[in-house]
């Protein structure tokens, strides 16, 4: 039962990364692929019907963590309080920038919200990457089951900060991959000059992602050999990274050939496969202690009792089915190219 909830949580986080990831990616490339007001409306119109529904997966993931692994929830939300507040404010800024942009036609008003949308989306992509880097590297959990972590390491400090060279690599990689993911989505959903610029941006960002992929792998192998060792010891995981790399190649090739839907599906597969490979290598660890392995928070030590998990699974399943059904309906209802109508109020 612990494993079921562990990988259910991993799947929901992967769904969030894929779905809200293209929203973040659209923000990353927004100012570069859309030059005029009509073009920027087209970009916002492409994600307008979907972005707020995509964020449900983040809220649901937090709920699953709270219910299934309350000890991990309390440790993570207390130790990473500053980072979580940063995420909250960035999500708020993204949301209001999309909603308020069209409330006035003044050029300065629109330009300010366009810049806010791009900056908050870019920062969110980096923050998500840095957060994943912290999970892979571990955090300084002590005997109390909690930890304190500065944003940056203090001079002479015994423990690294949330942002250090190891986690920064993850931040850069996430920024590049989500930028490529968003550009691929926009190439699928837009036409004309915006489509052409998105296609070009996607090709360049996918190339950068493929270049960074072995660098990230080497960073993990050298900086966190324990994680890499667990991955190598679990043969069923070995196919995931090659399949993910192949998906990235397919995404770039399909984008070059004008098969945008196929490119977007391959892009989504790349992100999901990489995250499942990470979860598989970490299991059953949720938060690894860099102070003492005995203080590590795992799926076994942090889980609710088995009966609660069993009942919760029965109650959770219809909700997941409804969420997936709503997602499928949204993509079907708003299929086709964006003309910017969804961004108008």
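The values are calculated or read from the model by the stated rules, or taken from the named source; none is laboratory data. Every value quoted in this text rests on a predicted model; they were computed, and no experiment measured them. Counting neighbours? That spans all protein chains shown, and the Cβs are built from the backbone with ideal geometry, glycine included.
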Any idea which of 150, 196 is free of Cβ contacts under 8 Å to residues at least 24 places away in the same chain and part of a helix (DSSP H, G or I)?
-> 196
Residue 167 vs. criteria crowded, with 20+ Cβ neighbours inside 10 Å, modelled with pLDDT under 95 and in a helix (DSSP H, G or I) = yes
Give, as residue ranges, the helices (runs of 4 or more DSSP H) completely inside the range 1-70 that count at least 3 residues that are surrounded by 20 or more Cβ atoms within 10 Å (Cβ to Cβ).
-> 2-33, 37-47, 56-68
Go through (1) at pLDDT 95 or above; (2) closer than 25 Å to residue 328 by Cα one by one and return the number of the condition residue 63 breaks.
-> (1)
Among (1) farther than 22 Å from residue 338 by Cα; (2) modelled with pLDDT of 95 or more, residue 27 falls short only on (1)
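Within the range 171-182, identify whether any single residue is under 28 Å from residue 45 (Cβ atoms), free of Cβ contacts under 8 Å to residues at least 60 places away in the same chain and surrounded by 17 or more Cβ atoms within 10 Å (Cβ to Cβ), and answer yes or no.
Scanning the range 171-182, I find at least one residue that is under 28 Å from residue 45 (Cβ atoms), free of Cβ contacts under 8 Å to residues at least 60 places away in the same chain and surrounded by 17 or more Cβ atoms within 10 Å (Cβ to Cβ), so the answer is yes.
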Residue that is surrounded by the most Cβ atoms within 10 Å (Cβ to Cβ), among those in the range 128-155 that are closer than 30 Å to residue 25 by Cβ and modelled with pLDDT under 90 = 149
Might you let me know whether the range 76-88 holds any residue that is in contact with a strand residue (DSSP E or B) (Cβ under 7 Å, 6 or more places away or on another chain) and either assigned to a helix (DSSP H, G or I) or closer than 30 Å to residue 135 by Cα (or both)?
-> yes
Before we move on, is residue 125 closer than 24 Å to residue 81 by Cβ, modelled with pLDDT of 95 or more and either in contact with a strand residue (DSSP E or B) (Cβ under 7 Å, 6 or more places away or on another chain) or buried (at least 17 other Cβ atoms within 10 Å of the Cβ) (or both)?
-> yes
